[in-house]
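Reviewing the structure listed below.
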Amino acid sequence: MTQPPLATTTEDALILFDSLDGVDEAFMLGRWRGEGLATGHPMDGLLEAYRWWGKQFDSRDAVHPLLFSGRDGKVVPVNPAWLGAGLGLVGRVPVPRSDAAGRVFQSLLAVPGLLRTTRPRARLRMMVHRGKCSATMVYDQWPILDVFRRLDADSVLGLMDARGMARPFFFVLRRAAGDRPA
């Protein structure tokens with residue numbers, strides 16, 4: 001099992017990413033818990049501040065790219081429409097990363113139709129990135145790709161490649177307990 005460090009540099013994260021094997025679409029099916037891999041990227045810690053839970057892959061054409069924990073503890077899919085607009089601001093303007101900001105966001109999750117969605121907002125496709133073919137999540141609304149490489153049987157290293165982002169954002173997904181495909 002290859003465990004990523006808790007914090008590293010972008011260069012070292014790319015070396016690790018490039019050393020890992022790709023995964024196929026079937027490997028990614030199910031629910032995955034997420035956490036950022038700190039590399040000094042402007043997005044480091046941002047998703048966690050807003051109670052990011054992870055991702056859910058129901059099929060190659062039905063992916064919920066953003067799951068967050070609500071105040072009631074329930075995990076809900078969030079429409080990434082708000083993400084893309086904010087992504088361009090990260091690193092340019094201060095984005096609150098406080099516990100209070102996270103609680104406000106969780107309260108907004110309770111408002112029907114505001115942030116939550118019931119529809120999948122991404123797809124899963126096999127793509128070549130940095131010389132290897134691997135399962136890649138393609139957002140429906142934004143020019144963002146999340147490319148996955150296998151760390152072990154139940155975890156992947158993800159690389160977010162977004163148009164206009166100077167360097168990739170890294171994260172780790174771990175398969176949710178009891179969600180191993182047959």
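Every number in this text was worked out from the coordinates using simple rules, so none of it is lab data. If you're wondering where the values come from, they're calculated on a predicted model, not measured in any experiment. Reconstructed Cβ throughout: ideal geometry from the backbone, glycine too, with neighbour counts over all protein chains shown.
Quick check: residue separation of R167 and S107 times 0.36 nm, minus the Cα distance between them. What number comes out in nm? Please list the in-between numbers first.
Values: separation 60, 0.36 × 60 = 21.60 nm, distance 3.17 nm.
Full extension from R167 to S107 adds 18.4 nm.
Based only on the alpha carbon positions, what is the Kirkwood hydrodynamic radius of the chain, in angstrom? Before the final figure, lay out the partial values.
Values: mean 1/r = 0.0604 Å⁻¹.
When all Cα pairs of the chain are included, the Kirkwood radius is 16.6 Å.
Please state the relative contact order of the chain as a whole percent: Cα pairs under 8 Å, 6+ residues apart?
Working: 365 pairs, mean separation 48.4, N = 182.
Contact order relative to length: 27 percent.
Could you work out how far apart the two model spin labels at R116 and D21 are, taking each label as a point 7 Å from the Cα in the direction of the beta carbon, and quote it in nm?
4.0 nm
Just from its helices, what would the mean residue ellipticity at 222 nm be for the chain, if runs of 4 or more DSSP H residues each count -39500 (n - 2.57) and the sum is divided by every residue, rounded to the nearest 500 deg cm²/dmol? Intermediate values should be presented prior to the final figure.
On the way: 5 runs with 36 residues, N = 182.
Helices in the chain give a 222 nm mean residue ellipticity of -5000 deg cm²/dmol.
Among V128, V172, V23, which one shows the highest mean-square fluctuation when the chain is modelled as a Gaussian network with alpha-carbon springs under 10 Å?
Most flexible of the set in this elastic network: V128.
For segment 102-121 and segment 122-158, what is the separation of their Cα centres, given in Å?
25 Å
Give me the net charge of A38's neighbourhood, meaning all other residues with Cβ under 12 Å from the Cβ of A38; Lys, Arg count +1, Asp, Glu -1. Before the final figure, lay out the partial values.
Numbers: positive: none; negative: D12, E35, D44, E48.
Summing Lys and Arg as +1 and Asp and Glu as -1 gives -4.
Loop-only check: which trypsin sites (Lys or Arg not before Pro) in segment 122-182 are DSSP coil with at most 10 other Cβ within 10 angstrom?
Answer by residue number: there is no such site.
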